[in-house]
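Notes follow the structure.
The values are calculated or read from the model by the stated rules, or taken from the named source; none is laboratory data. This structure is a prediction, so every number in the text was calculated from the model and none was measured. Every residue, glycine among them, receives a Cβ derived from its backbone with ideal geometry; neighbour counts consider all protein chains shown. These area figures cover heavy atoms from the full protein model, side chains too; ligands, DNA and RNA do not enter into them. Shrake-Rupley method; radii C 1.70, N 1.55, O 1.52, S 1.80 Å.
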Amino acid sequence: MDPRTPSFDSVLLDLDGVVYAGPHAVPGAVEALTELESRGIPFGYVTNNASRAAADIADHLLELGLPARPAIVTTSAGVAARAMESELGAGTRVLVIGSTALADLVREAGFTVVESADDGPDALVQGFFRDITWHDIAEACVAVAAGVDWWATNRDLTMPTERGLLPGNGAFVRIVADTTGREPRVTGKPAALMLQTAAATIGGTHPIMVGDRLDTDIAGGRAAGYTSALVLTGIHDIHDALTAPAEHRPDRIIATLGDLLAPAPAATVEAHTARCGDAVVTLSGGVLSSTGPALDAAAAALALLAEQPADTAWEIDPAFPRRADG
């Protein structure tokens with residue numbers, strides 16, 4: 001491995017907000033992933049979006065100039081189908097509330113796909129698709145209320161689009177849960193299974209999970225026992241990371257994917273003060289404040305918070321930068 005490369009042997013990447021945003025690649029993503037490829041560092045894409053097949057996602061990435069092939073794309077739909085296959089018998093009747101891609105994967109796993117709760121399903125799998133209707137949700141509610149084995153690809157309440165944040169699969173899963181009083185088994189991020197499956201696919205043993213959402217990408221990385229990095233090109237920012245519960249807090253905060261190729265900044269902690277590069281962060285009177293560059297300050301703050309007792313409470317000085325540009 002190139003001696004300039006940080007201490008991970010592979011990279012797992014979320015898609016929306018990390019490598020692309022709508023119809024465009026995130027600035028710097030093509031260069032960063034091309035460099036990873038040239039160094040021989042395995043990487044794979046991990047998405048909770050169950051509406052598209054891995055091959056379609058790979059084609060889209062290639063159109064954007066990003067290195068890709070279906071084998072390195074792990075979708076929550078694929079993980080759900082494999083998880084169901086390990087627990088349910090071949091020929092099990094499954095009601096699919098989701099995309100054609102999800103239904104195809106369920107069939108490939110050896111199940112019989114049915115279209116209604118009246119068809120006697122033994123299980124239900126629910127994933128995002130843009131054409132979902134009231135009737136689809138109603139069928140799901142009837143089946144779940146009848147006691148079928150209920151699976152959900154993911155519980156993301158929102159999804160980023162070119163028009164802003166719009167309802168994700170979790171919003172529709174919540175409707176079914178609230179209506180029936182039951183909860184599904186979830187296979188997508190932040191479930192450790194999703195990340196472990198993706199790491200095995202690319203042959204990684206010490207991967208770093210890179211994402212823009214703390215509650216799915218970062219929490220999933222931590223659940224799997226992997227290093228994690230929040231990239232500031234998507235939804236969550238530095239303030240979000242520093243106020244998140246410990247199980248959602250990243251190991252690193254980076255401005256762009258290109259920062260992965262530089263060693264992680266080193267911070268030192270003494271009592272209630274941490275230093276990193278030209279930044280100094282203090283926790284005094286319940287307020288976290290900083291001086292110096294944003295990313296150095298973020299690294300110092302992460303190190304400082306990691307040393308605090310679990311019951312420590314704090315708020316962030318509004319002057320603490322939110323993103324790399326302050």
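In a DSSP loop and with at most 10 other Cβ atoms within 10 Å, the trypsin sites (Lys or Arg not before Pro) in segment 1-106 are R4. Remark: segment 109-120, residue by residue, has Karplus-estimated 3J(HN,Hα) of 7, x, 9, 9, 7, 10, 10, 8, 5, 7, 8, x Hz, where x stands for each Gly or Pro and the curve is 6.51 cos²θ - 1.76 cosθ + 1.60 at θ = phi - 60°. Length available on full extension from R185 to R82: 0.36 nm per residue minus the Cα-Cα distance, which gives 35.7 nm.
Placing +1 on the Cβ of every Lys and Arg and -1 on the Cβ of every Asp and Glu, with nothing else charged, gives the chain a dipole about its Cα centre of roughly 220 debye. Prolate is the label for segment 205-296, because the ratio a/c of its alpha-carbon gyration tensor axes (a ≥ b ≥ c) is 1.5 or higher and a/b is greater than b/c. The portion of the accessible surface of segment 268-326 made up by carbon and sulfur, rounded to a whole percent, is 49 (1.4 Å probe; DNA, RNA and ligands excluded). For E63 and S284, the difference between the fully extended length at 0.36 nm per residue and the C-alpha to C-alpha distance is 74.6 nm. Accessible area per residue for the chain is 43 Å², calculated with a 1.4 Å probe on protein heavy atoms, without ligands, DNA or RNA. Under the convention that each Lys and Arg Cβ holds +1 and each Asp and Glu Cβ holds -1, the size of the dipole of segment 50-182 around its Cα centre is about 340 debye. Quick one: compute the contact order of the chain, relative version, from alpha carbon pairs under 8 angstrom and 6+ residues apart, as a percent. Relative contact order comes out at 16 percent. Taking every alpha-carbon pair under 8 Å whose residues sit at least 6 apart, segment 207-286 reaches a relative contact order of 22 percent. Largest mean-square fluctuation among P309, P23, P184, in a Gaussian network model of the chain whose springs join Cα atoms under 10 Å apart, belongs to P309.
Given a Förster distance of 22 angstrom, what is the FRET efficiency for A255 paired with D9, based on the Cβ-Cβ distance and rounded to 0.05?
0.45
Full extension of the chain between V113 and A319 yields a length gain of 68.7 nm, computed as 0.36 nm times the residue separation minus the alpha carbon distance.
Answer rounded, prolate or oblate for the chain, using the Cα gyration tensor with square roots of eigenvalues a ≥ b ≥ c: rounded when a/c is under 1.5, else prolate when a/b is larger than b/c, else oblate. Prolate, since a/c reaches 1.5 and a/b exceeds b/c. Considering only T112, T75, L88, and ranking their Cα positions along the charge dipole of segment 22-130 that arises from unit charges at the beta-carbon of Lys, Arg, Asp and Glu, the one farthest toward the positive end is T75.
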